Amino acid sequence: MGVMPHDHIELSLEQSLDHCIKCNICTAACPVSAVTDLFPGPKYVGPQAQRFRHERQPAPDESVDYCSGCRVCNEVCPTGVKIAELNARARARLVAERGIPLRNRLISRSEVLGRLGAGPQAPLANLALGFGPLRLALERVLGIARAAPLPKFSRYTFRSWFRRRSAPMANSGPRRQVVYFHGCATNYYEPWVGRAAVAVLEHNGCEVIIAPQRCCGLPLLSNGDFAAARRAHEANVAYLAPYALRGVPIIGTSTSCTLTLKEEAPELLGMRSAMVRTVAEQTFDIFEYLRMMYECGELRADFRPIERTLPYHPPCQLRAHRIGRPALDILELVPGLRLVESHADCCGIAGTYGLKREKYQIGMDVGAPLFETIRRSGSDLAVCDSETCRWQITHGAGVAARHPIEILAKAYGLVI
Amino acid sequence: MHEAIVIGAGLSGLMGALALAEAGLRPLVLAKGHGATHWASGTIDLWGKDERSPRDALRSIVTARPEHPYALIGVDAVADALARFRAVTEAARYPYVGGMDHSVLLPTAAGALRPVALLPITMAAGDVRAGGEMVIAGFHELRDFYPPLAAANLAAQGIAARGVYLQLPPVPRVRDFGPRTLAQLFDDPAFRKQIGRQLRQQRGSATRIGLPAVLGVRDPLGVVADLQLLSGAQVFEIPTLPPSVPGIRLFNVLRAAIERSGGRLQIGSEVIRAEGVGHILTTLCSEAAAREQQHRVRRVLLATGGIAGGGIRTNDAGLVRETALDLPVRMDVNHAGWFAPRFLDPGGHAIYAAGVAADDRLRPLGVDGWPVYENVAVAGATLAGADTLRERSRTGVAIATGWAAGRMLAAYGCDATRSY
Ligand SMILES: Cc1cc2nc3c(=O)[nH]c(=O)nc-3n(C[C@H](O)[C@H](O)[C@H](O)COP(=O)(O)OP(=O)(O)OC[C@H]3O[C@@H](n4cnc5c(N)ncnc54)[C@H](O)[C@@H]3O)c2cc1C
């Protein structure tokens, strides 16, 4: 049984219990407790239940498993309690006590799934996953919700595209090197997001390096499989540290991967080596990075007008970076383009949460206000930085959903 | 480079951001979390320490206590802020009534009476001086709202009141009936129809019915109108314990107004440090994943809520500090004197007067009496010079100084004062 290490994070979590003044602001903001009684709210399962969690004693309460990990509680807490971290660790203890269900083992291994489905066999895999009876069987046997939005595998992986493409014409002058962290979603499902990212970065004078990389481990963390998450993060740090140590930034289009490299993995797993820290400090969301270039006057502004008003949903995992809305900051430079922020708390998918049979409907109910906002906007296109949220938005609101980098590539007139 | 950053998303920060946004400066609001909006009653309390009207009280403060936040900005600036506040809430279909001429006495959930200057119209029929028998109605499921207790306390003060419990119609939820859950239920017309019918049966000879302030998040006016029609009595809201539904509505109204004028909110970002050149603050640093986020900025409004909001911290070594910009804090009493022996001491606790001293442009003052920064203004509960708890002036000081600070900051660095 894995006992949580007593580290400084554990300590700060314990101290943050005392900062909870029981004001219930988090309960009022929690999108999950808003729609179901199965989750009594962040205050109860976080700072309150934590008082009853002791090593060598059974977990007092299982409802923490219904926390979606969206971190809205952290965002709104007036006194700075780290509720989401308390919950994630509590879930990991629950998992350590009871083991990980096969279903959760499966859906948290996005790399394995991706390798199975992406490539020339993709049409077949997609056909299978679109086949009702099979989905029913998956639901019955494994507990993967039949209606849940599973992405379509790509016929080619992003990495294979990158390897095969003809090298870009070298611009004159020195180019700044950047490492692109594509993550599983871009590699196996949406290579066009990575192509847009590469195009925009190269357009702005960057030399894009695709370092070896593994799944960031977030699905493992949110399913409580801390041991596997640690292995994933150790591998990524080994791959990325040589660049980070040289000051080469690591740029990602998946807000969850970048958050995991920056904070989730080091904090939840208690990994504190200098290399881990350097990788974290050198990791950027792509728009965060572009915004820095803009602030230094280094971002190209040769935008073509896009006369559109689009709904934009800042995903929970982006908000957890605490860096504002970098995609809005950059896209509002594009003439004619207007993005309207959703203000919905969460789309409900929360990574793998909404895929689970017992949580699918909760996820849909959580997302309902967002879907309604998007539908009312009348737009046939929504913008969102996170892949699973885009799939959920398309599933719930019935409109296409794009990564903001795709919009920016279009504004630059880049062919991808 | 930001033209303006507001630190804090309580009433003072939001009003300041509104002023800056309406001046075209596209302010960014950085806040550690939600402010007291989500805790407090949703009313605007200008003055409640004695029987004087807010206008009279404020006039005398201006002459008698020049360091009081009201005195720093003057009575006209307070009136200006109230006018803008009323216009914004009215435009959002959540109108406030009242003003500086007199306070209204509203019942609390415990049946005490509370002087209020500006109140959402959904609370207006609760004015105890207006006369008319009251029914206080609630739900067993809602913790911390006991109609019989409230009614008994009101009756003891000579206000005819009766407490009743309503039957919660069958709803999918069985647990956690906090204010928000109930407010969501009231958003549903079918739910309030059932409540309205019960109110009609329970009304008796009463002409008005007080309910916990959970009458919908989206369209409280519509909810009150429906309930009045169905019950045949006037209906009013009584603030609950936190979370405050009226406060959430007010936050939503102000956020929407700020964003419409080009401002933006970044909640969950604590400002931990500032850098400046001489008397000009140039950079703010906020806490973020893996590293600080830096914000270069031309003007800053500090509205961090004082001790209750986290803008002022003490430690057990007796140190009092301002958390975001590390400004000097005025605190005349030493550690041993921070607290009176009794929790509800009529003299209050000295520590609550701790705050940042400011000049008449609300610029923070150093120990030498000169502004620490030219391009910073301070507003709300972080200001020194008043025990707003005991004055019952906290929200009044928050919106008045927030608005005034925003207006003055907007004019900073411009030759002519901008008008809008
Ligand atoms: C339970 C309760 C009930 C109340 N009821 C009433 C009432 O009925 N009438 C009344 O007049 N007043 C009431 N008050 C008080 C009143 O609401 C507030 O004190 C007043 O509104 C102060 O507003 P503010 O904007 O100055 O600060 P706050 O509303 O406290 O806002 C402070 C903001 O600053 C942020 N912040 C703090 N430090 C930092 C930092 N370092 N970096 C970034 N952000 C930071 C906080 O997260 C918050 O967003 C009540 C207060 C409480 C707690």
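Starting from one equal scatterer on each C-alpha and no solvent at all, send me the Debye-based log10 I(q)/I(0) for chain B at q = 0.06, 0.10 Å⁻¹, two decimals.
Once normalised to I(0) and log-transformed, intensities are -0.25, -0.69.
Roughly how many nanometres apart are two label points built 7 Å out from the Cα toward the Cβ at B:Asp188 and B:Thr63?
Label-label distance for B:Asp188 and B:Thr63, simple model: 5.9 nm.
Can you say what percent of the DSSP beta bridges in the protein assembly as shown, counting only those with both residues inside, are antiparallel? Round to 5.
Taking every DSSP beta bridge within the protein assembly as shown, about 35 percent pair in antiparallel fashion.
What's the extension gain from B:Glu374 to B:Ala130 if we count 0.36 nm per residue and subtract their Cα-Cα distance?
83.0 nm
Let me spell out the model: positive unit charges on the Cβ of Lys and Arg, negative unit charges on the Cβ of Asp and Glu, origin at the Cα centre of segment A:158-295. What dipole size does that give, in debye rounded to 20?
That gives a dipole near 520 debye.
In whole angstrom, and with the biggest value first, how far do the Cα coordinates of segment B:42-167 range along each principal axis?
50, 34, 26
If you place +1 on the Cβ of every Lys and Arg, -1 on the Cβ of every Asp and Glu, and leave all else neutral, what size is the dipole of segment B:109-238 about its Cα centre, to the nearest 20 Debye?
Around 160 debye, computed over segment B:109-238.
Please report the antiparallel percentage of DSSP beta bridges with both residues in chain B, rounded to the nearest 5.
Percentage antiparallel, nearest 5: 45.
How far apart, in nm, are two points set 7 Å out from the Cα along the Cα-to-Cβ line at A:Leu245 and at A:His54?
If labels sit at A:Leu245 and A:His54, their model points lie 4.5 nm apart.
Averaged across orientations, what area in nm² does the convex hull of the alpha carbons in segment B:109-238 project?
Mean shadow area of the hull around the Cα atoms is 7.2 nm².
With only alpha-carbon atoms counted, please give the Rg and Dmax of segment A:350-402, in Å.
Rg then Dmax for segment A:350-402, in Å: 10.6, 32.
How high is the FRET efficiency between B:Ala110 and A:Glu341 when r is their beta carbon distance and R₀ equals 41 Å, given to the nearest 0.05?
For B:Ala110 and A:Glu341, the calculated efficiency is 0.55.
List the aspartates and glutamates whose Cα sits under 16 Å from the Cα of B:Lys49, skipping any in the same chain fewer than 8 residues away.
B:Asp101, B:Asp345, B:Asp387, B:Glu391
What does the accessible area per residue of the protein assembly as shown come to in Å², with a 1.4 Å probe and no ligands, DNA or RNA counted?
Here the per-residue accessible area is 39 Å².
At a 1.4 Å probe, what is the % contribution of carbon and sulfur to the accessible area of segment A:7-99?
C and S atoms contribute 55 percent here.
Just to confirm my numbers, what's the Cα centroid distance between segment B:358-420 and segment B:180-232 in Å?
40 Å
Exceeding 20 Å between C-alpha atoms, which entries from my cross-link table qualify? They are A:Lys43/A:Lys82; A:Lys359/B:Lys32; A:Lys152/A:Lys356; A:Lys82/B:Lys32.
Cα-Cα > 20 Å for A:Lys359/B:Lys32; rest within.
Give the average, rounded to an integer, of partner chain Cβ atoms located within 10 angstrom of each Cβ in B:240-250.
Across the residues of B:240-250, the mean count of other-chain Cβ atoms within 10 Å is 3.
Averaging sequence separations of C-alpha pairs under 8 Å and six or more residues apart, then dividing by the length of chain A, give the relative contact order as a whole percent.
Relative contact order of chain A: 16 percent.
Give the aspartates and glutamates whose C-alpha is closer than 19 Å to that of B:Lys193, dropping any in the same chain fewer than 8 places away, or say none.
Once the sequence-local aspartates and glutamates are set aside, what remains near B:Lys193 is B:Glu141, B:Asp219, B:Asp226, B:Glu237.
Which loop chymotrypsin sites (Phe, Trp or Tyr not before Pro) in segment A:321-390, with loop taken from DSSP, have no more than 13 other Cβ atoms within 10 angstrom of their Cβ?
none
When DSSP assigns beta bridges and you keep just the ones with both residues in segment A:158-295, what percent turn out antiparallel, to the nearest 5?
0 percent
Please give me the summed charge of the neighbours of B:His2: other residues whose Cβ is under 13 Å from its Cβ, Lys and Arg +1, Asp and Glu -1.
Charge balance in the 13 Å sphere: +3.
Name the residues of segment B:138-181, by number, that are at least 40 Å² less accessible with every protein chain in place than in the isolated chain; the surface is that of heavy atoms, probe 1.4 Å, without ligands or nucleic acids.
Correct list: B:Arg173, B:Arg175, B:Asp176, B:Arg180.
Could you grab the Rg to Rh ratio for the protein assembly as shown? Cα atoms only, Kirkwood for Rh.
With Rg and the Kirkwood Rh in hand, the quotient comes to 0.98.
Is there a quick way to get the dipole size of the protein assembly as shown? I mean about its Cα centre, with the Cβ of Lys and Arg at +1 and of Asp and Glu at -1; what is the value in debye to the nearest 20?
2180 debye
So what's the back-of-envelope 222 nm ellipticity for chain A, counting only DSSP H runs of four-plus at -39500 (n - 2.57) apiece and dividing by all residues, rounded to 500?
-13000 deg cm²/dmol, from helical runs alone.
Can you give the average number of partner chain beta-carbon atoms within 10 Å of each beta-carbon in peptide A:257-265, as a whole number?
Mean number of neighbouring Cβ atoms from other chains: 2.
List the extent of the Cα atoms of chain A along each of their three principal axes, largest first, rounded to whole Å.
Here the Cα extents, ordered largest to smallest, are 64, 50, 40 Å.
Quick check: pseudo-label points 7 Å beyond the Cα along Cα→Cβ at B:Asp326 and A:Gln361, how many nm apart are they?
About 5.5 nm, to one decimal.
Which of A:Pro369, A:Leu124, A:Leu113 sits farthest toward the positive end of the charge dipole of chain A, with +1 on the Cβ of Lys and Arg and -1 on the Cβ of Asp and Glu?
Positive-most Cα among the choices belongs to A:Leu124.
What's the average, rounded to a whole number, of partner chain beta-carbon atoms within 10 Å of each residue's beta-carbon in A:30-41?
3
Near the amide H of A:Arg308, under 5 Å away, which other amide H atoms are found, from residues 5 or more places off or on another chain, if H is placed in the peptide plane?
Those lying under 5 Å, H to H, from A:Arg308 are A:Leu337, A:Arg338.
How are the C-alpha pair distances of segment A:102-142 spread across 5 Å bins, as whole percents from the shortest bin up?
Per 5 Å bin, starting at zero, the Cα-Cα P(r) for segment A:102-142 comes out as 5, 22, 22, 30, 19, 2 percent.
Under a GNM of chain B (C-alpha, springs under 10 Å), which listed residue has the highest mean-square fluctuation: B:Gly337, B:Gly348, B:Gly163?
B:Gly337
First measure r as the distance between the Cβ atoms of B:Thr283 and A:Leu129, then evaluate 1/(1 + (r/R0)^6) with R0 = 56 Å and state the FRET efficiency to the nearest 0.05.
Between B:Thr283 and A:Leu129 the formula returns 0.65.
Given only helices, namely DSSP H runs of n ≥ 4 each adding -39500 (n - 2.57), what is the per-residue ellipticity at 222 nm of chain B, to the nearest 500 deg cm²/dmol?
One gets -9500 deg cm²/dmol as the mean residue ellipticity at 222 nm.
What translational diffusion coefficient, in µm²/s and rounded to a whole number, does the Stokes-Einstein relation yield for segment A:196-288 at 10 °C and a viscosity of 1.306 mPa s, taking the hydrodynamic radius as the Kirkwood radius over Cα pairs?
For the chosen part, D equals 119 µm²/s.
Can you pull a Stokes-Einstein diffusion coefficient for segment A:308-411 at 25 °C (0.890 mPa s), Rh from Kirkwood over Cα pairs, as a whole number of µm²/s?
179 µm²/s
Cα centroids of segment A:37-94 and segment B:98-165: how far apart, whole angstrom?
37 Å
Using only Cα atoms, what Kirkwood radius does segment A:8-98 have, in angstroms?
In segment A:8-98 this quantity evaluates to 12.9 Å.
Between B:Val277, B:Val224, B:Val397, where does the largest GNM mean-square fluctuation fall for chain B, given springs only between Cα atoms within less than 10 Å?
Looking only at B:Val277, B:Val224, B:Val397, the largest GNM fluctuation is found for B:Val277.
With springs only between Cα atoms under 10 Å, which of A:Phe303, A:Phe131, A:Phe284 fluctuates most in a Gaussian network model of chain A?
A:Phe131
Towards the positive end of the charge dipole of the protein assembly as shown, with charges on Cβ (+1 Lys, Arg; -1 Asp, Glu), say which of B:Leu389, B:Val223, A:Leu102 has the farthest Cα.
After comparing all options, I get A:Leu102.
How many angstrom lie between the Cα centre of segment A:183-256 and the Cα centre of segment A:315-390?
Computed from Cα coordinates, the inter-centre distance equals 21 Å.
Would you please give the FRET efficiency between B:Val97 and B:Ala160, computed as 1/(1 + (r/R0)^6) with r the Cβ-Cβ distance and R0 = 25 Å, to the nearest 0.05?
0.60
The values are calculated or read from the model by the stated rules, or taken from the named source; none is laboratory data. Keep in mind that this is a model prediction, so the values were computed, not measured. With ideal geometry, Cβ positions are generated from the backbone for all residues, glycine too; neighbour counts draw on all protein chains shown. Calculation scope for accessible area: heavy atoms of the full protein, side chains included, ligands and nucleic acids excluded. Shrake-Rupley method; radii C 1.70, N 1.55, O 1.52, S 1.80 Å.
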